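> I have a structure here, written as structure tokens, and I will follow up with some questions on it.
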Amino acid sequence: MPMAGAGGDLTTTVATAPTGTILVTAIGVIIITTTATTTINDDNGSGAGAYVLRSLLADHTQSLRASAGCPLYQQKRTCAVQLGMATIIAAAPHVLVVHPSFPANSLKGFVAIVRANPGKYSYASAGTGQSSHLAGELFKLAAGLDLVHVPFNGASPAMMSAVGGHVPIAFISLPAAVTFIKEGKLRGLAITGNARSKLLPEVPTMAEAGFGNQESIFMQGVLFPAGTAEDIVDRWYREIVDIVALPEVRDRLTSLGLEPIVNTPASFSVQIKSEVARWSKVIRNARIRPFD
């Protein structure tokens, strides 16, 4: 993980199915049913956190917020582990990108340059506590880098800064970066997945580039308020599984750089608890300060 949105501005209709219309946005997924509009949104509207159903039934609306990086938040946030789980919908790795003018064409070359110039370089992310930020801090810790974090309010401004060369390095979700890499506006050095992306087969994984244990993905998934009846969670789980299984949905998600994934509520719960523990350790070791 960690759980967070891609942080961009893209909104695309994926498919119209008997159960509803799925819209994939770079910050979440919206399911519009015949009886209710259910927004699976993030915890600040720009990209961090677990996704939560804001409307369960047509006559029953709730607004909850959650974050897998809950140790960062002192108050006003609901930690993902406090919620009921339904399923993952899709996931994608992060990618380390640099401006074409940056004097490194490989991850090892990048590390050598940054190590030789402590404090000189900075990297952009979609914001403090975002998955891209935590992925960057994980790599900094592993590589022993003095690299300054520059948080932006979402992936789009972070990408624009990197493309413009203002902050020439960025950790960002693959869907937000893939077009810029393909167009040569940014250079992809490594992705944080377990395997290369079919959209960017020339970009190695972190492990292939010499740095293991750097896996991180952002996930788009569905969570419920704690205590939601199991039959409601199960109904949504089964509906979502059917929708994500549609060929047109899978093809569209894949074209955006997202891997369609569904798992059971129980598996999702175990995964979230494990990932929250993992990223809490990164937050402590990187000394990321909590905020409200």
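> Against the condition in the same structural domain as SER269 (by TED's automatic domain parsing) and not basic (Lys, Arg), how does THR254 come out, does it pass?
yes
> Please name all residue pairs, on different chains or six or more residues apart, with Cβ atoms under 9 Å, provided the first residue is in segment 109-127 and is in contact (Cβ under 8 Å) with a residue 40 or more places away in the chain and closer than 26 Å to GLY154 by Cβ and the second residue is of a type in the set (Asp, Glu) and part of a loop (DSSP other than H, G, I, E, B).
TYR121/ASP146
> Give me the strands (runs of 3 or more DSSP E) completely within segment 161-267, filtered to those with at least 3 residues that are touching a Gly at 6+ places or on another chain (Cβ under 8 Å) and either exposed (fewer than 14 other Cβ atoms within 10 Å of the Cβ) or modelled with pLDDT of 95 or more (or both), ordered by residue number.
none
> Give segment 183-221 a look and list any residue that's aromatic (Phe, Trp, Tyr) and either under 25 Å from PHE268 (Cβ atoms) or in the same structural domain as ALA112 (by TED's automatic domain parsing) (or both), or say none. Don't jump to the end; show me each part of the working.
Narrowing segment 183-221 to residues aromatic (Phe, Trp, Tyr): 211, 218.
Within segment 183-221, PHE218 is the sole residue that qualifies.
> Further question: Six or more apart or on different chains, Cβ under 8 Å: which pairs go from a residue in segment 264-281 that's of a type outside the set (Ser, Thr, Tyr) to one that's exposed (fewer than 15 other Cβ atoms within 10 Å of the Cβ) and in a helix (DSSP H, G or I)? Could you list them?
Correct list of pairs: PRO265/ASP234.
> Being assigned to a strand (DSSP E or B) and either of a type in the set (A, V, I, L, M, F, W, C) or under 16 Å from the mean Cα position of the chain (by Cα) (or both) is the filter here; which residues of segment 144-160 pass it? Lay out the reasoning, then the answer.
Let us first name the residues in segment 144-160 that are assigned to a strand (DSSP E or B), namely 148-151.
Within segment 144-160, VAL148, VAL150, PRO151 qualify.
The values are calculated or read from the model by the stated rules, or taken from the named source; none is laboratory data. Being a predicted model, the structure only gives us computed values, none of them experimental. Ideal geometry is used to build each Cβ from the backbone, glycine not excepted, and the neighbour counts take in all protein chains shown.
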